[in-house]
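Right, one structure below, let's go through it.
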Amino acid sequence: MAEETGIAELSFEDALKELERIVARLESGEATLQEAIDLYERGDRLKRQCAARLDAAQARIEAIRTDADGRAAGTTPFGA
């Protein structure tokens, strides 16, 4: 559980960098079977954390609506 807390505290960029290191290690073929399993599990948690951060960022993005004269008239949530 402490490992989950550590992942939750990582920035998107740090989680992505760690995920890239894990993928490189797994692709190298140098990890033992148990290490590969552990790396895969951590990588999966990191991937879920990155996806959650992206989803949260996407929800905050707003599109600016303009009126007929091209002036800002308000905002619309992303995807609306």
Just to be sure I understand, if you calculate percent of Cα pairs over 20 Å apart for this structure, which of (1) 36; (2) 51; (3) 60 do you get?
(2)
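Tell me the trypsin sites (Lys or Arg not before Pro) within the chain that lie in a loop according to DSSP and have at most 10 other beta-carbon atoms within 10 Å. Don't skip to the end; give the middle numbers.
Details: sites: Lys17, Arg21, Arg25, Arg42, Arg45, Lys47, Arg48, Arg53, Arg60, Arg65, Arg71; in loops: Arg71.
Taking the chain and a limit of 10 other Cβ atoms within 10 Å, the loop trypsin sites (Lys or Arg not before Pro) found are Arg71.
Readers should treat all values here as calculations from the given coordinates under stated rules, not as data from a laboratory. Please read all numbers here as calculations on a predicted model, not as lab measurements. Cβ coordinates were reconstructed from backbone atoms using ideal geometry, including for glycine residues, and neighbour counts include every protein chain displayed.
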